[in-house]
Every structure is written in structure tokens, then in C-alpha cells.
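Following: one structure in C-alpha cells, then a few remarks.
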Amino acid sequence: MQLPIYLDNNATTKVDPRVFEAMTPFFLNDFGNAASRSHSFGWKAEEAVDYAREQIAALIGANEKEIIFTSGATESNNLAIKGVFEMYASKGKHIITSVTEHKAVLDTCKHLEKLGAEITYLPVAMDGMLDMKDLENAIRPDTILVSIMYGNNEMGVVQKIREIGALCKSKGVLFHSDATQAVGKIPVDVIADNIDLMSFTAHKMYGPKGIGALFVRRKNPRVKVTAQMDGGGHERGMRSGTLNVPGIVGFGKACELARLEMAQDAERLSKLRDKLENALLKLEESYVNGNKENRLPHTTNISFKYVEGEGLMMAVKDIAVSSGSACTSASLEPSYVLKALGLDDELAHSSLRFGLSRFTTEEEIDYTINYVTQAVNRLRDMSPLWEMFKDGVDLKSIEWSEH
Amino acid sequence: MDNRIYLDNAATSPIHPEVLDVMFTAMKEVYGNPSSAHAHGRKAKNLLEESRGTIAKLLHCQPGEIIFTSGGTEADNMILRGSVKNLGVKNIITSPIEHHAVFHTVEELAKEGVVKTHLVELDELGHIKLDHLEKLLSENPHALVSLMHGNNEIGNLLSLKKAGELAHKYGALFHSDTVQTMGQFAIDLSQGYVDFAVGAAHKFNGPKGIGFMFCSRKNRPAPLITGGAQERELRSGTENVHAAAGMAKALEISFRDMEKKREHVQNLKNHMMEILREEIPGVTFNGDAEGHSLPNVLSVSFPESETGEMLLFNLDIAGISASGGSACSAGANVGSHVIHALHPGSKRTTVRFSFGKQNTVEEIDQTVAKLKTWYPVPASV
């Protein structure tokens, strides 16, 4: 067993060796530009891209023509939201999203607000779930888009996507879902879910970094987005730029593997996750964040009360975990997602997100259980707050004097 | 595909084995997300910053001035769109022979009504008329000049010094699409001639899906992609670490082998011109092929013929890969906008041959021998 143990698979995953193998020929002999139509280097590259498109479409129940390649989920989210805002400007400028979305969605919405968009940020319940009534009430005649993530990156909560999709369809509003964490981990079916646009990426499902996709529905309704990058008119004019052929081939292979192995991976990982979670919940004053029923199989997010956050991260050095999204972990701010569930700053700080992967072993989980348990106990032994709590002092009743 | 002759290196180039090594190692061992605070993340961040540092050092700029993107198209888009948004650009001065990543983006911005476009006139060889550029600059304040360094179709080179000094004389910003020259010439960004430049790794034997934008610290365009605030808030999205490492390695090798490679491809180009002239009467070369031109790009204009339209197809059947123009518009049967700008209405056939370090003189000879069979010399009089 190698230390540190990597349990931050919601941030990024290791490339599966089989994916790697699939990519290799396209670095070496078949290196053509997929847009070169005058020779077989180009055709071979295009053929490989088309095949990958089919593999990717098959995983999400789409048609291969509905897959637009991008550099990753952030770009896909940008293209979906900005692209709809520009394309459907005549219909309205109201967009609905939620407070627990990834920054790629939230920052893009904030950006559009400056350009005149009206954004409704729906709250979530204490378990991270959206209230369907809130959503229904928020939809207006000028609403052009609802953007709700499939599975949350921090706590793994899976929204009721099928109900949301049905509601949006009945109201004639486009529905975009950031499915970055869900695709490849749980079954996603864009037709049954009534999803019109969906963002996802390879590096969260054992594929390479630097390649992602946007699903853009072509039928019932035919959806269009305004390109955010112009140039050679690749990807049906929606996204220009030389196609990342080896990346696309790797993405395709990763999707195929996910389609074939998702069920068994999910079963194994949810058992390991539950083992980890149940063991850590034996610690006093520890809590799972987010709804446990509707959850990604490989994720758990646990708060340890009366443990100082920064100390906790330092104390679990043998385990690569995060206290929130990687994209915001450089800041010292507590997770806005956990705060949206009603956690106070201290508790949000003392939370750990565990993300398991296809490569996670039981041995690693056993080590993690012992290691984290000891770390939390050690930190609490040093904590005056923990001591007061054990002495029965109601900490909420204390008036802290300011220095 | 080993027996085929690949003469389309300006479309994309084979990856260098050393680059592949770097990428494979990174993919296997440095798989963290650079934004993660833990050891795996820090290792990835280190590799990313090392790669940035390597590129900055080679180009004589600050690491903070190199922003990673998904490629040249994205970098060009960010510079053009972002400087209209952030830097008060009201006029864009460009040319009719720019790559579509620039040309279509400028068209789009003009359509949105946020800028006015002005096209610089070209001389008969396809070079920018500097006196016309100066005239446009003097008439249009708050301008951004966007002129490519090396043309991807005809190979013409622009003097960055002359164009940049002219732009700056009138207080304009200067962007140069340097996709074709990056790694081929030792571009020294510390000279300050350009405010914005771009690179796409797959044009210099690096990987596809990664490129960069150079922008000086005082002229920061608005971001194109928002989200996790990576790349100094200029470009969000999980960084493509292994590709960035591959790109840095590819640029390093390009600089290391620069003279040697340039000499090699220039020899191939000269050789091809020479024997084409001998073997096929009526052949001409588009642009300033023998003057200020990319050493690896040769745009050949074949005489009008019945089989002209089939020339690329026949070349491919014969195992030779070349292109009619830019790969990025190779799908459309509208002909090259560059050739059209230079020779409107011409019925001659244009083929772009572009060379790489793997090509040999023998390959050129074989190619010309094949071409000759389709353009037989008329029976002697």
C-alpha cells in the first residue's frame, strides 16, 4: 500500500491503464488532424473521433451527433449557460440555478448578471436537496434555462433530475445539468431524464484531463447554443479548435469502461464507502453532510465537531482528501456548499470529503478508518472546546470576549 | 501509416518521443488536481508551474504572463474578445489572410456591433502594406492590431518588430497569432513588440488539446471561461497538467534543435521548389515563397488542368498527405480564403506542402515524381 492514499477522486481521477493504452496509437502513428479532409491521416483521426463520440453517447443515452467536445466541464458549463443566454435572448433573460452548484456554473451566472441576466439561486434543504415546489414557483414566462447539477461534488447528493427534467419540459424551459460527478458513476439517461444540455468531463471518470463534452439535444426540442469560440467551425460550429484526438479517444474508452463496469464498481465502492462512513460515525459528534439516500456511491462528506479545521487537514497527511471543492480549496474560506446546508463556519471547516475510486482497496479504507479516527481523537484531546463539551458546558451559551 | 509521406505538418505534427515520455510519466504519476491542497495536488501544481516556467524562460517573459488554454483557437478568441471587453478596444485592424480563429472571431465581434473592423491591404506577394497599416492606425484610435506572424497557408512572415512598433506608435495593442512560428523561431517577448501572442503545442511536435496565451501583465483581457478561477483568474477549468508538461518539453526541444530543424525543412522546401520548376512547367508558388517566408510551408500553384480538382485526392491515393489550405476549413468546398484574397477568380489548383523534421529529400523526390505523372510535359516542339 502506497502513502499517501488518494481519496480525492471527486477532484480528479487517475487515468485507467486501459484508457491510456487506447490513447497511445493516436499520439504515435495516427497523429492526424481530424479536420484534414484531404488525406488518410485526417480520416483516421476523424474515424477515431466518431467512434469515441458513439462510446460517449451510448453511456448517456444520446445520439452521437449530440456530443460537442470541449476542453472540460468548466468550458461545457460556460458554453451551455452563456450559449443559451445569447441564443435565446429574444425569449427572455431569466435563469434558475441553485446555491450548491459548482463555481463553473455560479461564476458564469454571476458574469451573465452583469450583462443583464436575472438569476434565481434556489436554496437547498439541510440535506442538500432542492425543493421541487421552490423550483416550480421560480419558473416565469421569461425563464430560458434551469441549470441544476446532477450529483454534487462536495457531498455527493444526487438531485431528483428526472422530476426536474419533466417539470422543465412541461413548462417549456430548457434544462441544463452539470453532470460532471455523476456521469460514469451512476446511470444517466438524457432522454428519460429530459435533459436538454449536459456537461461532463473525462478526468473525473478515469480519463485524461483536458477533454470534456457538452450534450446538446437535437430533437424535442432541437437546442442550439451560441459558440463562445470562433474559428474553423468545428463541432457543428458550436466549438472551434483542433480536436484533441488522443484525449477524445481516451474519453471514449473511459465512457465505454464506465458503461460496462459502472454497476459492479458502484456496488463495491458503496460498500467500502459505507464501511468508512459507519466507522467514522462511531466517533462522537461526527455527522454526514447531505442526503444519504440520494447520493453518489463513492462519496461521503463528514463533519467532525470540535476539531479545528486547519489542524484536521494537517493531521490527515497520509490521506489525500479535501475539505471541499478542489477549485476553491486554495482559499481558506469554508465551503459555501456546506454553509448552504446550514453548517456554521467552524463545522464546515472541520469537514472532510472522501471520494473513492475504481482503484481504491479495502486495505486503504481500513488504514484510513484507523488513521482518521486517531487524528480526530488526538486533536480533540488538545482542544479546549472538546473539553468544555465533555464537561457539559453549552458552548452556545458562552459569550466570547473579543481581544 | 508508416509508409505514407506526411507533408501536412502545418495542420498538425507528430509528437516527439521525448514529449510522449514526459506525458506518460505525468499521466501515471502526477494525477492530482493542481488546485488540491494535499500532496497529490501540490505535485501536480509543481509540474504545472515548472512547465509554465520553462515556457516563460524560453520566450523571455514572466511565468505569470503565460496562461494555459486548450489550444491556439481558444487563446486567439480570449485575446480578441477579452480585450474588447476589458481593454477598451473599439477598432480591430487585421488582414484578409488571417487564420479563421482570428478572422471569424473578428467578424463575430463586428456583427455584435462592439468593434469596427479594418482590413490592411496586401501587396502582390501577400505581405502587409505597412504604410496602409499606419494609415489605418492614424485614423482609428483605441485599436487592436491582429496580424499573424507566419501565414499557415502561404507561409508569409511578418516582421513583429515593424508591425509592433507601428501599432505602439499610435497607442494600439498588438496581437500576433504566432501559432505557426512558435517553436520555429526564437521569439523574444521581452522586446515588447507584441502585447499578445499564442502557441498551440500540436504544431511544434507537442500534444493536441493544449496551448497558451502570452499577455503582458499590464494588458489583461477578460476571461472567456469562468469558474474555478484557475490561471490567475483568466482561464477556469482543471488544468491539463500532463499536456502542459508535454508542451513545455516540446517547446524546449524545439528551441534546442531549432537551427538544425529550420535548416532541414528549408532545404526540403528549396529542393521541392527547384525540382517542381524543372519537372512541371507553369508551376508557381503562392506568397513570398523565396523571400520572407516560413521555412516549412510551400504553397504550390499548379496550372489549370482537368484533373486539378482531383489533385489532393490523387495524392492521397498515392500515399502522400498534403492539404488544399488550412485543415480547419478543409471540410468546406469553398476554397481557401487566403488564396482567394491573393488571386481572386484563379482556376489554378493550390496544394500546401508543409514539412517536418521526419521528412526526407527522397520523400520530396517521390512526391514530385508522382505529381509529374499528372502534369506531363507536352511533347517537344
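What's the local net charge at B:His343, with K and R +1, D and E -1, over the other residues with C-beta under 13 Å away? Don't skip to the end; give the middle numbers.
On the way: positive: B:Lys347, B:Arg348; negative: B:Glu124, B:Glu153, B:Glu304.
Surrounding charge for B:His343 is -1.
Taking the simple approach of a point 7 Å from Cα along Cα-to-Cβ for both A:Asn278 and A:Asp366, what is their distance in nm?
1.6
Sequence gap at least 6, Cα distance under 8 Å: using those rules, report the relative contact order of the stretch A:14-63 to the nearest whole percent. Let's see the in-between values first.
Values: 30 pairs, mean separation 10.3, N = 50.
Over the stretch A:14-63, the number comes to 21 percent.
Among the listed pairs A:Lys253/B:Lys45; B:Lys161/B:Lys357; A:Lys282/A:Lys390; A:Lys110/B:Lys90; A:Lys65/A:Lys209, which have their C-alpha atoms separated by more than 20 angstrom in this model?
Numbers: A:Lys253/B:Lys45 27 Å; B:Lys161/B:Lys357 28 Å; A:Lys282/A:Lys390 16 Å; A:Lys110/B:Lys90 25 Å; A:Lys65/A:Lys209 23 Å.
Where the Cα-Cα span goes over 20 Å, the pairs concerned are A:Lys253/B:Lys45; B:Lys161/B:Lys357; A:Lys110/B:Lys90; A:Lys65/A:Lys209.
With everything on Cα atoms, drop me the angle between helix A:161-171 and the longest principal axis of chain A, reported from 0 to 90° to the nearest 10.
50
Considering every residue in B:42-49, what mean count of other chain Cβ atoms within 10 Å of its Cβ is obtained? It would help to have the intermediate numbers written out before the result.
On the way: counts 1, 0, 3, 1, 0, 0, 0, 0.
Counting other chains' Cβ atoms within 10 Å and averaging over B:42-49 gives 1.
How many nm separate the modelled label positions at B:Ser190 and A:Val393, each set 7 Å beyond the Cα in the direction of the Cβ?
Inter-label distance under the simple model: 6.0 nm.
Roughly what % of DSSP beta bridges within the stretch B:17-256 run antiparallel, to the nearest 5?
On the way: 11 of 25 bridges.
Rounded to the nearest five, the antiparallel share is 45 percent.
Quick one: grab the alpha carbon gyration tensor of chain B, order the square roots of its eigenvalues as a ≥ b ≥ c, and give me rounded if a/c is under 1.5, else prolate or oblate depending on whether a/b is larger than b/c.
Values: a/c = 2.13, a/b = 1.31, b/c = 1.62.
Oblate.
Can you give me the Cα centroid spacing of the stretch B:84-149 and the stretch A:244-301 in angstrom?
Here the answer is 51 Å between Cα centres.
Within straight cross-link reach of A:Lys317, meaning Cα distance under 13 Å, which aspartates and glutamates are found once same-chain residues fewer than 8 apart are removed?
Straight-line reach from A:Lys317, under 13 Å: A:Asp8.
Tell me, what is the percent relative contact order of the stretch B:208-251, built from C-alpha pairs under 8 Å that lie six or more residues apart? Intermediate results must be reported in sequence, preceding the final value.
On the way: 36 pairs, mean separation 14.9, N = 44.
Computed over the stretch B:208-251, the figure is 34 percent.
What does the C-alpha gyration tensor say about the overall shape of the stretch A:241-309? Classify as rounded when a/c is under 1.5, otherwise prolate if a/b is larger than b/c, or oblate. Show your work: numbers first, answer last.
On the way: a/c = 3.89, a/b = 2.11, b/c = 1.84.
Prolate, since a/c reaches 1.5 and a/b exceeds b/c.
Quick check on my link table: of B:Lys116/B:Lys162; A:Lys133/A:Lys171; A:Lys160/A:Lys185, which ones sit more than 19 Å apart, alpha carbon to alpha carbon?
Details: B:Lys116/B:Lys162 23 Å; A:Lys133/A:Lys171 14 Å; A:Lys160/A:Lys185 16 Å.
Exceeds cut-off: B:Lys116/B:Lys162.
Show B:Asp131, A:Asp107, B:Asp316 ordered by accessible area, largest first, where the area counts protein heavy atoms only and the probe is 1.4 Å.
Listed by decreasing accessible area, they come as B:Asp131, A:Asp107, B:Asp316.
What residues of the stretch B:344-367 lie in the reach of a label at B:Glu279, counting those whose backbone N is under 18 Å from a point 7 Å from the Cα along Cα→Cβ?
B:349-356, B:359-367
State the percentage of accessible surface on chain A attributable to carbon and sulfur atoms; use a 1.4 Å probe and exclude ligands, DNA and RNA.
Working: 7940 of 15500 Å².
Within chain A, the accessible surface is 51 percent carbon and sulfur.
Using a simple spin-label model with points 7 Å from Cα along the Cα→Cβ vector, what separation in nm is obtained for B:Arg42 and B:Asn314?
Here the modelled spin labels are 6.5 nm apart.
Angle check, please: helix B:72-86 long axis (alpha carbons) against the longest principal axis of chain B (alpha carbons), in degrees 0 to 90, nearest 10.
50
Using only protein heavy atoms and a 1.4 Å probe, report how much of A:Phe175 is accessible, in Å² to the nearest 10.
About 0 Å², rounded to the nearest 10.
Under the rule that an exposed site lies in a DSSP loop and has at most 11 other Cβ atoms within 10 Å, name the longest stretch of chain A with no trypsin sites (Lys or Arg not before Pro) of that kind, not counting the sites themselves.
Working: sites that count: A:Lys219, A:Arg222, A:Lys282.
Value returned for the longest uninterrupted segment is A:1-218.
Mind putting a number on the dipole of the stretch B:117-198 about its Cα centre? Charges go on the C-beta only, +1 for Lys and Arg and -1 for Asp and Glu, and I need it in Debye to the nearest 20. Intermediate results must be reported in sequence, preceding the final value.
On the way: 5 positive and 11 negative charges, 38 e Å.
It comes to approximately 180 debye.
Can you compute the helix-only [θ] at 222 nm over chain A? Use -39500 (n - 2.57) per DSSP H run of at least 4 residues, normalise by all residues, nearest 500 deg cm²/dmol.
On the way: 12 runs with 158 residues, N = 403.
Mean residue ellipticity, 222 nm, calculated: -12500 deg cm²/dmol.
Taking H as built 1.01 Å from N, whose amide H comes closer than 5 Å to the amide H of B:Phe174, not counting residues under 5 places away?
It is B:Val145, B:Asp195, B:Phe196, by chain and number.
Could you work out [θ]222 nm for chain B from helices alone, using -39500 (n - 2.57) per DSSP H run of at least four and dividing by all its residues? Round to the nearest 500 deg cm²/dmol.
When only DSSP H runs of four or more count, the value is -12000 deg cm²/dmol.
Provide the net charge surrounding B:Ile55, with neighbours chosen by a C-beta distance below 12 Å and charges set as Lys +1, Arg +1, Asp -1, Glu -1.
Details: positive: B:Arg52, B:Lys57, B:Lys249; negative: B:Glu49, B:Glu50, B:Glu65, B:Glu252.
Around B:Ile55, the surrounding residues sum to -1.
Indicate, rounded to the nearest 5 percent, the antiparallel portion of the DSSP beta bridges found entirely in the protein assembly as shown. Let's see the in-between values first.
Numbers: 41 of 77 bridges.
Taking every DSSP beta bridge with both residues in the protein assembly as shown, the antiparallel ones total about 55 percent.
For the stretch B:17-256, what % of the accessible area comes from carbon and sulfur atoms, probe 1.4 Å? Spell out each step's value before the answer.
Numbers: 4040 of 7980 Å².
Carbon with sulfur: 51 percent of the solvent-accessible area.
Provide a list, ordered by number, of residues in the stretch B:279-326 showing at least 50 Å² less accessible area with every protein chain present than when their chain is taken on its own, using a 1.4 Å probe.
B:Asp316
Using a 1.4 Å probe on protein heavy atoms only, how many Å² of accessible area do B and A hide from each other, summed over both chains and rounded to 100?
Numbers: alone 17040 and 18040 Å², together 30050 Å².
So the total buried area for this chain pair works out to about 5000 Å².
Express the accessible area of the protein assembly as shown per residue in Å², computed with a 1.4 Å probe while the remaining protein chains stay in the model. Please list the in-between numbers first.
Values: 30050 Å² over 784 residues.
Spelled out: the 1.4 Å probe surface of the protein assembly as shown, per residue, equals 38 Å².
Between 0 and 90 degrees, rounded to the nearest ten: what's the tilt of helix B:160-169 against the longest Cα principal axis of chain B?
50
Across peptide B:220-232, what mean number of C-beta atoms from other chains lies inside 10 Å of a residue's C-beta?
Details: counts 0, 0, 1, 3, 5, 15, 15, 15, 11, 6, 4, 0, 0.
Per residue, the number of nearby Cβ atoms from other chains is 6 on average.
Taking a ≥ b ≥ c as the square roots of the eigenvalues of the Cα gyration tensor of chain A, is the shape rounded (a/c under 1.5), prolate (a/b larger than b/c) or oblate?
Values: a/c = 2.25, a/b = 1.43, b/c = 1.58.
Cα axes put chain A in the oblate bin.
Would you mind checking which residues have amide H under 5 Å from A:Leu122's amide H? H placed 1.01 Å from N; only 5 or more apart, or other chain.
Excluding prolines and chain starts, which carry no amide H, the hits are A:Thr97, A:Ser98, A:Val99.
I want the local charge near A:Glu310. Using Cβ-Cβ distances under 13 Å, sum +1 for each Lys or Arg and -1 for each Asp or Glu among the other residues. Write out the running numbers ahead of the final one.
Values: positive: A:Lys317; negative: A:Glu308, A:Glu333, A:Asp345, A:Glu346.
So the environment of A:Glu310 carries a net charge of -3.
The values are calculated or read from the model by the stated rules, or taken from the named source; none is laboratory data. Here the structure is a predicted model, which means the values were calculated and not measured. Heads up, the Cβs are rebuilt from the backbone with ideal geometry, glycines too, and the neighbour counts pull from every protein chain shown. Ligands, DNA and RNA are excluded from the accessible area calculation, which covers all protein heavy atoms including side chains. Shrake-Rupley method; radii C 1.70, N 1.55, O 1.52, S 1.80 Å.
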